[in-house]
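Each value in this text was obtained by applying a stated rule to the coordinates, not by laboratory testing. Just so you know, these numbers come straight off a predicted model, no measurement behind them. All Cβ positions, even for glycine, are placed from backbone atoms using ideal geometry, and neighbour counts span all protein chains on display.
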Amino acid sequence: MNTALTSRERVNLALAHQEADRVPRAESFWPETIPLWYQQGLKPGDDVADLFDFDIMGAGWVSHEARPGFLATVEETADWWTRRDGNGAILRYWKHKSGTPEHVGFTIQTRDQWEAHKRQMLDAPPGSRVDTFSALRRMYEAQAKNRWFCWTGVESYETAKDIFGHQDLSILMADDPAWAKDIFDTEADIAIGVLDYLEGSGVKFDGGWIYGDIAYNHAPFFSPRMYREQIKPAHSRQIAWFKERGLPVIYHTDGDFRLLIPDLIEAGVDCFQPLEAKAHMDIRQLKPQYGDRVSFMGNIDIMVLITNDRARIEAEVAAKVPLAKRGGGYIYHSDHSIAPGVRWETYQFLMQLIDHYGRY
């Protein structure tokens, strides 16, 4: 295809398993990365998304807390900040760098406590859970740039984990499946309610990009049977909100989720992201196996990028992008987020490679 397309056209073609003018591209960054790049040659005020013609913009993040926006400091030191959030969870954060918080404790322990928490969740107005003005502003900006504009929100397992923690949620799923299913269904109700509210406020999406980490480096956090019985109904309803409007859905999960791929496709997922290489996800295996049913986004190994070794980086891109893009169905993204160890000059080189190997 010789004619340049808009980002919206390009992404929609990729998600429909059709070739475009080039592979669409998007990226995520650690909070420290771009400020560090300003010290390495990126001009202050330059927008990386504009410089490299990223094709996707998102908005509409939802707070699923029982008390949206609530934060109370429990303890503060020079390096750490421990706080209780609107779910009653106590988490400890680094003050001077980003990262996953330490789970100190969770206050919802019993079914009665959950029922009270659930009532508080359902009573919170949808407008208290989302920055509608920001979503509208981002929508108009995306429209002005002809970018694919999506809802960026979370799914039921990710939000349930924020109430109970991974360990207690896993025990609950094993000991009381009916309770676990109620939790996941309630979380889906919250997300769908806010999506209805955003739509009623004039926000129009081109699709969804739903986040939820459901796996670690070697397997999902739960069995396929547990997924099908407890979580999949909630996923299917949340995804159906988009399908009823003829819109595609990208699903983000870290880790090795290969055991769940057939069920996630059946639930309506159109594209998987980011395909962590260190978790045994490999586009060269996934594309031949599932490429006729789902698209892929990512898999460019951040552990290779962080070496800043140009030969290794080109080998990584050359080994994956030509195969991934064949017949459509691929969007560029790193396999996680760009860490501050990736130098600005390295990232510019990477984008040159993506432009070269990603052309049709």
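Could you give every pair whose Cβ atoms fall below 7 Å, whose first residue belongs to region 267-281 and is assigned to a helix (DSSP H, G or I), and whose second residue is of a type in the set (S, T, N, Q), counting only separations of at least 6 or pairs across chains?
Between residues of region 267-281 that are assigned to a helix (DSSP H, G or I) and residues that are of a type in the set (S, T, N, Q), the close pairs are ALA267/SER236; ALA277/ASN299; LYS278/ASN217; ALA279/ASN217.
From (1) basic (Lys, Arg); (2) more than 30 Å from ARG8 (Cα to Cα); (3) out of contact with any helix residue (DSSP H, G or I) (no Cβ under 7 Å at 6 or more places or on another chain); (4) in contact (Cβ under 8 Å) with a residue 60 or more places away in the chain, pick out the condition that doesn't hold for ARG138.
Condition (2) is where ARG138 drops out.
For (1) surrounded by 22 or more Cβ atoms within 10 Å (Cβ to Cβ); (2) not small (Gly, Ala, Ser), each residue gets a yes or a no:
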| residue | (1), (2) |
| --- | --- |
| GLY291 | no, no |
| ILE306 | no, yes |
| ARG312 | no, yes |
| LYS320 | yes, yes |
| ASP335 | yes, yes |
| ILE338 | yes, yes |
| GLY341 | no, no |
| MET351 | no, yes |
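Within region 69-90, is even one residue under 30 Å from LYS204 (Cβ atoms), of a type outside the set (A, V, I, L, M, F, W, C) and in contact (Cβ under 8 Å) with a residue 24 or more places away in the chain? Walk me through how you get there before you give the answer.
Going through region 69-90, the residues under 30 Å from LYS204 (Cβ atoms) turn out to be 69, 86.
Imposing the further condition that a residue be of a type outside the set (A, V, I, L, M, F, W, C) reduces the set to 69, 86.
Filter once more, so that each one left must be in contact (Cβ under 8 Å) with a residue 24 or more places away in the chain: 69.
Yes, region 69-90 contains at least one residue that is under 30 Å from LYS204 (Cβ atoms), of a type outside the set (A, V, I, L, M, F, W, C) and in contact (Cβ under 8 Å) with a residue 24 or more places away in the chain.
Select from region 191-235 the residues that are under 18 Å from the mean Cα position of the chain (by Cα) and either among the β-branched types (Val, Ile, Thr) or surrounded by fewer than 16 Cβ atoms within 10 Å (Cβ to Cβ) (or both) and list them in ascending order.
Those that are under 18 Å from the mean Cα position of the chain (by Cα) and either among the β-branched types (Val, Ile, Thr) or surrounded by fewer than 16 Cβ atoms within 10 Å (Cβ to Cβ) (or both): ILE192, VAL194, ILE210, ILE214, TYR216, ASN217, ILE231.
Could you please find all residues in region 168-181 being within 26 Å of ARG83 (Cβ to Cβ) and either surrounded by 15 or more Cβ atoms within 10 Å (Cβ to Cβ) or in contact (Cβ under 8 Å) with a residue 12 or more places away in the chain (or both)? Let's see the steps before the verdict.
Our first condition is that a residue be within 26 Å of ARG83 (Cβ to Cβ); within region 168-181, this holds for 168-172.
Selection gives ASP168, LEU169, SER170, LEU172.
When you look at THR152, is it β-branched (Val, Ile, Thr) and either surrounded by fewer than 20 Cβ atoms within 10 Å (Cβ to Cβ) or without any contact (Cβ under 8 Å) to a residue 12 or more places away in the chain (or both), yes or no? Full working, then the answer.
Values: β-branched (Val, Ile, Thr): yes; either surrounded by fewer than 20 Cβ atoms within 10 Å (Cβ to Cβ) or without any contact (Cβ under 8 Å) to a residue 12 or more places away in the chain (or both): no.
Taking the combined requirement at face value, the residue does not satisfy it.
In this structure, does THR110 turn out to be surrounded by fewer than 19 Cβ atoms within 10 Å (Cβ to Cβ) and of a type in the set (Val, Ile, Thr)? Write out each step before concluding.
Details: surrounded by fewer than 19 Cβ atoms within 10 Å (Cβ to Cβ): yes; of a type in the set (Val, Ile, Thr): yes.
Answer is yes for this residue.
Examine region 53-65 for a residue that is farther than 30 Å from ASP206 by Cα and in a loop (DSSP other than H, G, I, E, B), and state whether such a residue exists.
Among the residues of region 53-65, not one is farther than 30 Å from ASP206 by Cα and in a loop (DSSP other than H, G, I, E, B), which makes the answer no.
Checking the condition more than 16 Å from the chain's Cα centre (by Cα) and closer than 30 Å to ALA234 by Cβ, which residue from ASP355, ASP292 passes?
Details: ASP355 fails: closer than 30 Å to ALA234 by Cβ.
Residue meeting the stated conditions: ASP292.
Checking ASN12 against (1) assigned to a helix (DSSP H, G or I); (2) in contact with a Leu (Cβ under 8 Å, 6 or more places away or on another chain); (3) within 30 Å of ARG293 (Cα to Cα), which test does it fail?
The number of the failed condition is (2).
One residue is enough: does region 96-115 have a residue meeting the conditions within 23 Å of the chain's Cα centre (by Cα), under 21 Å from VAL62 (Cα atoms) and hydrophobic (A, V, I, L, M, F, W, C)?
no
Going through region 327-344 one residue at a time, which ones are farther than 28 Å from GLN39 by Cβ and out of contact with any helix residue (DSSP H, G or I) (no Cβ under 8 Å at 6 or more places or on another chain)? Please lay out each step first, then the result.
Within region 327-344, the first condition is being farther than 28 Å from GLN39 by Cβ, and the residues that meet it are 327-331.
Once the filter is applied, which keeps residues that are farther than 28 Å from GLN39 by Cβ and out of contact with any helix residue (DSSP H, G or I) (no Cβ under 8 Å at 6 or more places or on another chain), region 327-344 yields only GLY327.
Kindly indicate whether ILE331 is within 26 Å of GLU9 (Cβ to Cβ) and assigned to a strand (DSSP E or B). Spell out the reasoning first.
Numbers: within 26 Å of GLU9 (Cβ to Cβ): yes; assigned to a strand (DSSP E or B): yes.
Yes, satisfied.
For region 212-231, check the following and say yes or no: at least one residue is assigned to a helix (DSSP H, G or I), under 26 Å from ARG84 (Cβ atoms) and polar (S, T, N, Q). Quick ask: steps written out before the conclusion?
Initially, region 212-231 is screened for residues assigned to a helix (DSSP H, G or I), giving 224-231.
Among the residues that remain, those that are also under 26 Å from ARG84 (Cβ atoms) are: none.
Within region 212-231, none of the residues are assigned to a helix (DSSP H, G or I), under 26 Å from ARG84 (Cβ atoms) and polar (S, T, N, Q).
Listed residues ARG284, ARG293; which is of a type outside the set (A, V, I, L, M, F, W, C) and part of a helix (DSSP H, G or I)? Spell out the reasoning first.
Working: ARG293 fails: part of a helix (DSSP H, G or I).
Unique residue meeting the criteria: ARG284.
Mind telling me which of the residues THR73, THR82, THR77 ends up being touching a strand residue (DSSP E or B) at 6+ places or on another chain (Cβ under 9 Å), of a type in the set (Ser, Thr, Tyr) and surrounded by fewer than 15 Cβ atoms within 10 Å (Cβ to Cβ)? Talk me through it step by step, then tell me what you get.
On the way: THR82 fails: surrounded by fewer than 15 Cβ atoms within 10 Å (Cβ to Cβ); THR77 fails: touching a strand residue (DSSP E or B) at 6+ places or on another chain (Cβ under 9 Å).
Only one candidate qualifies: THR73.
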